[in-house]
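Take a look at the structure below.
The values are calculated or read from the model by the stated rules, or taken from the named source; none is laboratory data. Small disclaimer: the values here were computed from a predicted structure and weren't measured. Positions of Cβ are generated from backbone atoms using ideal geometry, with glycine treated the same way; all protein chains shown enter the neighbour counts.
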Amino acid sequence: MSERRVALVVTAVGGVAFVVLAALMVPWHPVPGGTPDPAPATSVFTARQIARAEDYAHWARIWSWSSLAVSLVVSCVLGFTRWGPRLVGRLPGWWWVRVVLAVAAVVLVGRIITLPFAVLLRRHVLDNGLSNQAWSGFAADLVRTEAVQIVATSVLLVVLVGCARRWRRAWPAVAGGLLGGLVLLGSFVYPVLVEPIFNDFTSLPEGTLRTQVLQLAETEGVPVNDVLVADASRRTTTLNAYVSGFGSTRRVVLYDNLVDDVPRDEALSVVAHELAHAKHDDVRTGSLLGSAGAVFGVGLLALVMGALAGRGRPSMREPAAVPLVLALFAIGTLLSSPVQNAISREIETRADVDALLVTRDAASFEAVQRELALRSLADPTPPALSQLWFGSHPIGLTRIAIARQLAERGF
């Protein structure tokens, strides 16, 4: 079977697997009675709060989207012109060393060129009191983030190029299977390998809150041996909690400022939301969808690379192909964002509904959603295109409307 036919089969298998998994595992109608329209902003926030949030979000979008656009341009220039292959051609070492060095070079070039936008956004965050972290800490986090990205991307590219060199026709199938497995492995080990690079974690101290959290977990049928607290307040003033990992690495993590600064009933509302993610194994769902997406992406990549190779572009077997592959990754990630975020919003909505049904405390849920929005200066009514493309969660006013609707119907 030719490489193109193998790529077509891999693309079809990955695409069908993604659609089937999404149909079976994603809660497409999570709200009883249907998702209501967002609550009026003026019923939750004052006019001054709305104006401040809109102003902050406006400039945050300008700096973020500008950085994204410039980053995409840089990737495409390196990937679709001769500059990228020339850069890789000057790198020394075995083929896999050149792949790693090429990944590092492309990532660092993109970071250096977009650094002014990161600094402007950081200045904007500091001016609005959303962080108390020193610039040195911000720089250290930036270095850590780039290092993690370079390592993870290098592993993927070494696998891709290595498979293409070893299996000249069947490489899309082999690489698709390996990368699909790596996505699952990455989600599994992320809590124990990557998260400790950025935060220190301690067990939630003995006391009323810990007891209530464990009781809530028992009510939701979620086995929890420990609840962790991250020292997030040294970096941000915003509130958050999350679930990561699955199986033996699954963990429920609360930001320390959520524990310290928020009334207990409101904190428990957030915990109930995260426990709902754990109950439904949402991290595993996302990992399986990501794995199927990786298979689909490898098949599509093989088709595009095969077509471009006939036009004088480097083949997948050459380290010189790395800039082109990274450019295609960047384009694919941007184009697939609406699908990924649509799925994420439905999963997040189900967790909200479950939390409300378990706690039966719409008032605390609404209060904490209001506090979360105020702490992060979230735009109450973001542009529709922005929410469609980049909104991983329902907007706060929709979440509040859901709470009000369920309360009116007696849960």
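Numbers for the structure displayed
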read-out: Helices (runs of 4 or more DSSP H) (entirely within the stretch 325-411) containing at least 1 residues that are more than 23 Å from the chain's Cα centre (by Cα); value: 362-376, 396-408
read-out: Top-ranked residue in the stretch 236-279 [being over 24 Å from ARG360 (Cβ atoms) and aromatic (Phe, Trp, Tyr); ranked as modelled with the highest pLDDT]; value: TYR255
read-out: Lone qualifier among ARG375, ARG409, ARG345, ARG360 - being closer than 30 Å to LEU121 by Cβ, at pLDDT below 95 and of a type outside the set (A, V, I, L, M); value: ARG375
read-out: Answer from ARG235, ARG264, ARG210 - the residue that is touching a residue at least 12 places away in the same chain (Cβ under 8 Å), of a type in the set (D, E, K, R) and crowded, with 17+ Cβ neighbours inside 10 Å; value: ARG235
read-out: Odd one out for ARG122, checked against (1) part of a helix (DSSP H, G or I); (2) in contact (Cβ under 8 Å) with a residue 60 or more places away in the chain; (3) charged (D, E, K, R); value: (2)
read-out: Near pairs, Cβ below 9 angstrom, 6+ apart or cross-chain, from the stretch 281-300 (basic (Lys, Arg)) to any residue that is in a helix (DSSP H, G or I) and at pLDDT below 95; value: ARG284/LEU184; ARG284/SER187; ARG284/GLY247
read-out: Residue selected from the stretch 1-25 under the condition β-branched (Val, Ile, Thr) and buried (at least 19 other Cβ atoms within 10 Å of the Cβ), by the criterion nearest to GLY293 (Cα to Cα); value: THR11
read-out: Candidates ARG350, ARG317 - the one that is out of contact with any Asp or Glu (no Cβ under 6 Å at 6 or more places or on another chain) and over 15 Å from ALA22 (Cβ atoms); value: ARG317
read-out: Only one of ALA302, ALA278, ALA272 that is surrounded by 22 or more Cβ atoms within 10 Å (Cβ to Cβ), touching a strand residue (DSSP E or B) at 6+ places or on another chain (Cβ under 7 Å) and of a type outside the set (Asp, Glu); value: ALA278
read-out: Where SER154 falls short, out of the listed (1) surrounded by 15 or more Cβ atoms within 10 Å (Cβ to Cβ); (2) over 18 Å from ALA330 (Cα atoms); (3) of a type in the set (S, T, N, Q); value: (2)
read-out: Residue that is nearest to the chain's Cα centre (by Cα) [pool: residues in the stretch 194-221 that are over 21 Å from VAL262 (Cβ atoms) and not charged (D, E, K, R)]; value: VAL194
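Residues checked against (1) within 30 Å of VAL148 (Cβ to Cβ); (2) of a type in the set (Lys, Arg); (3) outside any loop (DSSP other than H, G, I, E, B):
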| position | (1), (2), (3) |
| --- | --- |
| PRO32 | no, no, no |
| THR42 | no, no, yes |
| PHE45 | no, no, no |
| ARG52 | no, yes, yes |
| ASP55 | no, no, yes |
| TRP65 | yes, no, yes |
